[in-house]
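Scroll down for the structure; my scribbles are underneath it.
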Amino acid sequence: SQTIHQWPATLVQPVGSPLSLECTVEGTSNPNLYWYRQAAGRGLQLLFYSVGIGQISSEVPQNLSASRPQDRQFILSSKKLLLSDSGFYLCAWGGGNQPQHFGDGTRLSIL
Amino acid sequence: SQQGEEDPQALSIQEGENATMNCSYKTSINNLQWYRQNSGRGLVHLILIRSNEREKHSGRLRVTLDTSKKSSSLLITASRAADTASYFCATPPWTGANSKLTFGKGITLSVRP
């Protein structure tokens, strides 16, 4: 069966520090991969999605970036975090015409 | 821009009652999906209904789709305290990048024991 792992579960970072969140999927090949951000009590904002290795589509211009170095690995990064980067970050695999399957998320707090 | 918008924003019911949540969308769709999110957790897919389907059932869940009104409803029958969660509808774009979903802001459902 397919599983998705996302870590860390919580993260507290100072403003201006770098960020790296990792997501890996098991049990499926060439999945579409997604990074979302969810502000407190709000819906999901799609940040990046990838349909293959090295293929990244950015939905929202910001100081975040994403990379897909391997088929089932998706990384969200930042060189310098802003206060506005705080939120709940969710990784998912799946599609638009099929269900998406989510990780348990990373709660990111910027101090 | 927001594609799917849920209604109401919050719903509080007694255990055993039915919960009805609505979603409206703006453009043509291939399918509409409903998800549940427990507090502090990732989303869980509940049901997908295609544009040529009018109703779909899964256990205590019933989803309807009215493409003429661009709306969908999620009915949870005989609700339980464990149904307390946020519920989201999501749709892919009709054409182009149909590999992505646009989510609504969600409905917060509270089921009182």
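We did not get these values from a lab; they are worked out from the coordinates using the rules stated. This structure is a prediction, so every number in the text was calculated from the model and none was measured. Here the Cβ is made from the backbone with ideal geometry for all residues, glycine too, and neighbour counts use every protein chain on show.
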Take the stretch B:42-113, drop everything but the C-alpha atoms, weight them equally and run the Debye formula without solvent; then report log10 I(q)/I(0) at 0.13, 0.29 Å⁻¹ to two decimals. -0.44, -1.52
Which ordering of B:R60, A:R68 is given by a fewest-first count of other beta-carbon atoms within 10 Å? B:R60, A:R68
Within the stretch B:40-107, list the chymotrypsin sites (Phe, Trp or Tyr not before Pro) lying in a DSSP loop whose Cβ has at most 13 other Cβ atoms in a 10 Å radius. B:W94
Modelled FRET efficiency - R0 35 Å, B:T77 with A:K80, Cβ distances, 0.05 increments: 0.10
Among B:D83, B:D66, A:D104, which comes first, then next, by fewest other beta-carbon atoms within 10 Å? B:D66, A:D104, B:D83
By count of other Cβ within 10 Å, fewest leading, how are A:T106, B:T108 ordered? B:T108, A:T106
If you take the C-alpha gyration tensor of the protein assembly as shown, multiply each eigenvalue by 5 and take the square root, what semi-axes do you get, largest first, in whole Å? 30, 20, 16
Kirkwood Rh for chain A from C-alpha pairs, in Å, is 14.0 Å
